[in-house]
Amino acid sequence: MSPFIDPVTKKKIRFISGKSQKRKFFASIISENQAMSFILPEGRKPDEYNIENYLHSVPFDHDMDGN
């Protein structure tokens, strides 16, 4: 697939494996207040969301907390 991906896009793609690599990467870009526990073990957002509510009630320019 590499030949079909634009060079600018290619620089933005990262493959992450393992818990320590995932924690290191996501901790640098997502705060604990905004992360779910499957992203960061210290994440404080609940893992369960009502997807129907999200898709039909949350405006596209807001997050699930209404901000």
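For (1) touching a Ser or Thr at 6+ places or on another chain (Cβ under 9 Å); (2) part of a loop (DSSP other than H, G, I, E, B); (3) at pLDDT below 80, each residue gets a yes or a no:
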{"site": "V8", "(1), (2), (3)": "no, no, no"}
{"site": "S17", "(1), (2), (3)": "no, yes, no"}
{"site": "Y49", "(1), (2), (3)": "no, yes, yes"}
{"site": "N53", "(1), (2), (3)": "no, no, yes"}
{"site": "F60", "(1), (2), (3)": "no, yes, yes"}
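Scan segment 13-31 for residues that are small (G, A, S) and surrounded by 10 or more Cβ atoms within 10 Å (Cβ to Cβ) and report the count.
Pass one, segment 13-31, residues small (G, A, S): 17-18, 20, 27-28, 31.
The next check asks that each one be surrounded by 10 or more Cβ atoms within 10 Å (Cβ to Cβ); those that pass are 27, 31.
Going through segment 13-31 one residue at a time, the tally reaches 2.
The values are calculated or read from the model by the stated rules, or taken from the named source; none is laboratory data. It should be emphasised that the depicted structure is a prediction, and the values quoted were computed from it without experimental measurement. Note that each Cβ is placed from the backbone with ideal geometry, even for glycine, and that neighbours are counted across all protein chains shown.
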